[in-house]
Each structure stands twice: as C-alpha cells, then as structure tokens.
Amino acid sequence: MRIALYCRVSKDNGSQTTENQELQLEQYANALDGEIVYRYIDRASGSNSKRDAFCQMLKDSDNRKFDLLLVWSIDRFSREGISNTLGYMDRLKRNKVAVKSLQESWMDTSNEGIAELLLAFMAWVAKNERGRMIERINAGLDRVRNQGKALGRPTGSKDKKRRRKSGYHQRWAKKKTRSK
C-alpha cells in the first residue's frame, strides 16, 4: 500500500514543527505495513485552502500517486468547515484514496458508515475552535488594554533596529511638519 503523510502547523516562524506528527504517522504507517511514498508538510493556517503542500497532495491524489493519506488529526487536515472538508474527503474518495486519522480512530474513509457523519461534526468543531481561539486572544488583549497597559513593543526596548517607513508613517510625518 502506498501511503502519503500530511502534516501541518499553523505558524511558519520556527516556533512550531511537524516533527511529532511525522514521527507518530511514520509509526502508524509501519504498523499498517505500508510504504511512505509522499510527505506533505504545510506551515500555514488550516482555514486557508491555498496551502502549497495541501494543494499538491490533492493534485497527486488526482493522479493516484498514493492509496492512503494519513493525518495526525482532522484539524491538522482542515479548519475550513464542514462543506470544504467534506468536499476534500469526497475528492480523495473519488480518487480511490482512503484517509485515516491517528487521533480520531473512527475516521477511516475506507470503511463506509458513521465516519461521514462524525467527520462532518469534527470539521464543524475544528472550525469553531479556531473562532474560539480568536475570541480568547481578543479578550486577553482587551483585558490588558483596560488595565491601561500599552501593547506592542515596550518603550526603552533593546531592539533599536531602524524600521522601513511605510506609506502611513511618511504621510504622518508630512502632516506633522505642515501643522507646525
């Protein structure tokens, strides 16, 4: 069986890696007695449908380059909501590619039945978790603002690098000199 791995982290700033996902998926592939033929690694938001590795994985599935796609969890696959996630799953199914999730053992598209219903539910959960995460971040920022604390780079910061002036800053500087 030809197996492809799909791994994703949300940020491309070096603070997150896919190493843990890859290691566990490799072990899963070995347990299934399959050969890993492709690895698709993305460092982008799961709510973005234009992830390079994800798009390549879908194209490769169209060309039937692998039989099984292993993902660490459904939220690593997509956070685009029910319709988009089910659309991707349907495309893979039409291409005779089964999908298995390491974290959600029920998600095995090679077996028909309740998996489709649970997949729809989990896609909805993944999309809503993203919204809740944004709400929590904004609530924390509001709390800090209400306490009178300044956000952003602290004054007196050791970071003294010169910054490129954007159009806004240039217009602001011109406006300030005109008003004097």
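The values are calculated or read from the model by the stated rules, or taken from the named source; none is laboratory data. Just so it is clear, the structure is predicted and the values come from calculations on it, not from any experiment. Every residue, glycine among them, receives a Cβ derived from its backbone with ideal geometry; neighbour counts consider all protein chains shown.
For the residues Asp75, Asp108, the requirement of being within 18 Å of the chain's Cα centre (by Cα) and more than 14 Å from Leu5 (Cβ to Cβ) singles out Asp75.
Every test in (1) surrounded by fewer than 16 Cβ atoms within 10 Å (Cβ to Cβ); (2) in contact with a Leu (Cβ under 8 Å, 6 or more places away or on another chain); (3) closer than 13 Å to Arg2 by Cα is passed by Lys96 save one, and that test is (2).
Looking only at residues in the stretch 32-67 that are within 17 Å of Val99 (Cβ to Cβ) and of a type in the set (Lys, Arg), the one that is nearest to the chain's Cα centre (by Cα) is Arg51.
Could you run through the stretch 1-19 and say how many residues are over 21 Å from Gln103 (Cβ atoms) and either modelled with pLDDT of 80 or more or touching a Pro at 6+ places or on another chain (Cβ under 7 Å) (or both)? First the steps, then the outcome.
Filtering the stretch 1-19 down to residues over 21 Å from Gln103 (Cβ atoms) leaves 2, 12-15.
From the residues that got through so far, the ones that are either modelled with pLDDT of 80 or more or touching a Pro at 6+ places or on another chain (Cβ under 7 Å) (or both) too are 2.
So the answer is 1.
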